[in-house]
Structures are given as structure tokens and as C-alpha cells.
1. Would you check which residues across the range 276-286 are surrounded by 14 or more Cβ atoms within 10 Å (Cβ to Cβ) and over 18 Å from HIS500 (Cα atoms) and list them?
2. Sort through PRO523, PRO510 and tell me the only one that's surrounded by fewer than 16 Cβ atoms within 10 Å (Cβ to Cβ), of a type outside the set (Phe, Trp, Tyr) and at pLDDT 95 or above.
3. Quick one: how many residues across the range 343-358 are within 29 Å of ALA276 (Cβ to Cβ) and either modelled with pLDDT under 95 or of a type outside the set (Gly, Ala, Ser) (or both)?
4. What number of residues in the range 44-81 are out of contact with any strand residue (DSSP E or B) (no Cβ under 8 Å at 6 or more places or on another chain) and either farther than 21 Å from LEU220 by Cα or buried (at least 22 other Cβ atoms within 10 Å of the Cβ) (or both)?
5. Among the residues that make up the range 335-342, is at least one of them modelled with pLDDT of 95 or more, touching a Leu at 6+ places or on another chain (Cβ under 6 Å) and either hydroxyl-bearing (Ser, Thr, Tyr) or part of a strand (DSSP E or B) (or both)?
6. If we keep just the residues of the range 343-378 that are touching a residue at least 60 places away in the same chain (Cβ under 8 Å) and in contact with a Leu (Cβ under 8 Å, 6 or more places away or on another chain), which is surrounded by the most Cβ atoms within 10 Å (Cβ to Cβ)?
7. Whether any residue in the range 269-289 is of a type in the set (Ser, Thr, Tyr) and part of a strand (DSSP E or B) is what I want to check.
8. Go through (1) part of a helix (DSSP H, G or I); (2) under 21 Å from ARG266 (Cα atoms); (3) under 24 Å from the mean Cα position of the chain (by Cα) for LYS332 and report which single condition fails.
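The values are calculated or read from the model by the stated rules, or taken from the named source; none is laboratory data. Computed from a predicted model, the values in this text were never measured in an experiment. Neighbour counts are summed over all protein chains in view; Cβ atoms, including those assigned to glycine, are modelled from backbone coordinates with ideal geometry.
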Amino acid sequence: MSDIAPADLVLTGGPVHTGSPARSRATSVAVRGERIVAVGHDEVRELVGPRTDVVDLAGKLLVPGFQDAHVHPVGAGIELGQCDLSGATTLAAYRERVAAYADAHPDAAWITGGGWAMEAFPGGLPTAAELDALVPDRPVYLVNRDHHGAWVNSRALERAGIDARTPDPADGRIERDADGTPTGMLQEGAANLVGRLLPEVTRRERIAGLLRAQELLHSLGITAWQDAILGEHANLTDPTDAYLACADDGRLTARVVGALWWDRARGTEQIEELVARRAAGTRGRLRSTTVKIMQDGVAENGTAALLGPYLDGCGCRSDNSGISFVPPEALKEYVTELDAHGFQVHFHALGDRAVREALDAVEAARRANGRSDTRPHLAHLQVVHPDDIGRFRELGASANLQPLWAAHEPQMDELTIPFLGPERSSWQYPFGALLRSGATLAAGSDWPVSSPDPMQGIHVAVNRIAPDAPAGTPVFLPDQRIGLADALTAYTAGSAYVNHLDAETGTIAPGYLADLAVLDRDPFAGPPEQIGATRVEQTFVGGRRVFG
């Protein structure tokens, strides 16, 4: 190698998890410009020249940069600057934070933010009265942790004209007391009755939110992601202009795929607009090549679409099986047309009926259009009927996992399992079954719904126990655990595949882009119970250090 030009960057002296079957482990990597030029051992050090930046791994693990296959960075970044309730799980903590934020922002016309956990309230249902006692003079709108509902005060209900006579929207529910009076919790589409009145988020605030989020994601080793909603949805602001501004001036250092929002109130007439938005929204490190279809809600509020009814509080069959936001036959038509136009489709599919409807739509598209490289993927997959496990591989549909949710915690044990019943509860988050079936696994966080830290998600995928779970917490469906290498692959090569970045990222190999993360240890060398303690020390995108 002595006759070859020196490298710009060499990382050496520690284990390298390449993700490549030909050489799964190495100890040195050389980078010239944006790309990896050598992977190996001591011989790679011959590329060190007088100006080479040499990083001593000191026994710590080098991995491909993580890629989050389902995340909402701009909204999350904006929320970090609002009334942030994330990380707390008690009403007392929420009272303290709301009161402090309101006191600190006396001129704010609205108190907005969110991140609260349903487990803090009986039945997962907070009330307007709690907020009225804290902020009686201004409207309050606080989305919950999963962003499928909003906690509002009486002033907000009044502003929106919501009272006992207001009907539930087709895609949501107004929680009410015995005489029909709204109680202050708005589920799914009902949240937009208030959300549409919120003050507009400015372009400057969107850009600030993106940059704040990008900094955090880089600090977690994340070098690329798929933004799960580009477009106007409920109270979410369209982040497209922030991405384009930062793509144009070089501040967008991550590689981003944008999923254009499918307006479920419309039909195929919107595809022409989506084609135009794809062209306008693809430049620099942004590619708006995907369409996001939300097919159902979430299990905790009874809006995830199930093949059979939920149980009620007494364990009896209810009359509710959740909501399919797009009628199944229409979904087949839409997905077929989108596939014909070369779009990847990114489904929110959480309940077993929604999963089946999404897979049926992919099957209809394959039948009509033949096989193509559109790489559809289904996110969340909380409840998957066993008969549908093998269809992911058969149809070439990737399984987009949010591993942090696959553990025993109050939201699961109190608000989900009792209402699914024993059999359906045993079908939850079937990571192991999907892997054994040959499905392609990708992974993401759904941040700000849950932590964006890939090592936290990998910990749960391997252990099926939350990193901070109390001693004695049982393993959640142990047969669905997957190995550390498989979980790491889902967050790297698997998500790179979903993002159509797999020809250049997700693996450490010569010719690939130098998107890399240095961990503070080698989690393969320690017990699985300590995986979640792993932190990222340095992150590189295209050979450029963006963190550390």
C-alpha cells in the first residue's frame, strides 16, 4: 500500500463491525474524501501520512452509522423548545412543568408542547380540569407521547367550539363524561379540531427545530433517516421548507428520505401533486421519494385496526375493532398507482387488520405492476397475525420495527394487554418470527414518541426488557428476542435498504461512504443486559466528523 496516496482519516486499534459477510470484523478503516478506501488490520496503517487524522479506537467498537427508518425530527426539535413533558410519567411532574412553562412565557397566546405518558392518568385519560387549575386564562394543547391524542383545557375547547353537541369526526373520538360533555382528551383526528387553531410555526422555527434535532441525532450515531411525514397533517407543520433550506446551504449533514403525507380525505387525484413534490423536494441530501399512508391508530386508545373486537374493562368483547383510516379496497388502488409511479409506500400499520390490509395492498400492486424496486415497508407492527408473518418475505415488504415498545411497562401492561386479550397479546412485536421467516428488518424510533437512541432500541430488541426496567421485570415474549448482530443490522444495513441507500451506506466496505459511529465500548464483549448503557463517542458522515 506504500505507493498509494495517504488516507485523510484512519480509524484503528479497535474492533470494527463491518456488517459485511465477507469480513465481518476488522481492526482498521481508512477513508479518503467521502469514501472508505481500505478495511482490514495492520496493513491499513500504511495509509497513514503526515496529514492523516488518526482516530485511536482504543478497543471501542466502530460500526456503520445508524439510520432511523421512521422518525419525526423537525417536530421533535420544535417540541424541545416548547412545554416539554417527555421523560416524566407522573401527574405531579406534569403540573410542575406546565405551570413553570406558563409562568416563563406570559405573552404566549397558547401553551403548546407535549410528550406526556398515558400511564400517568386513570385509563390513559387526562382531564381539562387539571389544566384549568394551572392555566385558566389561555388555551392549552399538549400532545401525548405517541402523538395520537391531545390533552386540552376548557379554554381550548371553547375556542374550537367543542361541546356536548359536537359529533366525533370519522377518524377520531372526543372523550366525554356521562352526559356527553367533553372531558379534555381528544383522540386521533379529533385532536385536529383544536390543533388547526394553533399559532403557525414559522419557517425560522422549523429550521431551528431541524438543526436542533440533527445535532441530537448525530450525537447518537445517526447519519441518515426517513422523515415519516413531509406535508400538512393535523397540527404538524410541513418540514419540507426547512429541509430544502438546509440542503441548499449545506447545513443538512444527514442523508434524509422524506415520506410525503397521503391525505386520506382525498384519492388518486393527489398523485400528480405528489409527483411534483417529489421532484421539488429532491436535492442535496434530501430525497422525497416515499409516500406515507397512516392506515390505523394505536392500541392504547382503541384506534389500532384489529381483525376482531377489543375487550372492554371487564374482559368481554366490545363493539370496537379500531379504525382503518383508508378503506381496504381504496388502499389497494392507491398503493398500486403509487407503485406504478415509482413511489415507495411507508405504511403506519399497528393492528393486525391494518397490517393485513397493507400487505394486501402491496400484493395488489405486485400483481398489477410486477416486481419493482420500490421497497414498501410497514412500520410499528404491534400486532401481526401469524398467518401474515411469511408474507413480508413473499411480497418483498420490509418490517420497520420500533423496538423500544416491545417491553413490559405500564402502558403495555395496563392499557394494552387487558384490552387485546391473551392470544393477540402473544402476537405483539414479532421480531424473532419475522427474522426467522426471512423478512428484511429495518428499525427506527418514531421520535418524539420514544427515545431516538438506537442503542436503547437495540437493547430491547435483544433483551425484550427496557434498559431502566425495575428488577424482576419479566421478559416480554422471549421467543421474539433477536441477536445483537441482527438488531444492529436492522439499524444499519436494514434501514439503509429501506432508504435506498444500501449501495453506499449501512456497511463498512471499500467504496462505501464513510458514514460511521464510534461507540464507547464493544457491546458484543459484555453481557446483553448492559447493551443499553452503550454511548456514542464520535459520528462521521462522508468522512466528516459531525459529532465528538
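1. Matches in the range 276-286: ARG277 only.
2. PRO510
3. Total satisfying the criteria: 7.
4. Residues of the range 44-81 that are out of contact with any strand residue (DSSP E or B) (no Cβ under 8 Å at 6 or more places or on another chain), as a first pass: 46, 49-51, 76-78, 80-81.
Within this subset, residues satisfying the condition of being either farther than 21 Å from LEU220 by Cα or buried (at least 22 other Cβ atoms within 10 Å of the Cβ) (or both) are 46, 49-51, 76-78.
Looking only at that region, the number is 7.
5. Of all residues in the range 335-342, those modelled with pLDDT of 95 or more come to 335-342.
Among the residues that remain, those that are also touching a Leu at 6+ places or on another chain (Cβ under 6 Å) are: none.
No - not one qualifying residue is present in the range 335-342.
6. Among them, the one singled out is ALA358.
7. We begin by selecting, within the range 269-289, every residue of a type in the set (Ser, Thr, Tyr); these are 282, 288-289.
Keeping just the survivors that are part of a strand (DSSP E or B) gives 288-289.
Looking for residues that are of a type in the set (Ser, Thr, Tyr) and part of a strand (DSSP E or B), one finds at least one in the range 269-289, hence yes.
8. Failed condition: (3).
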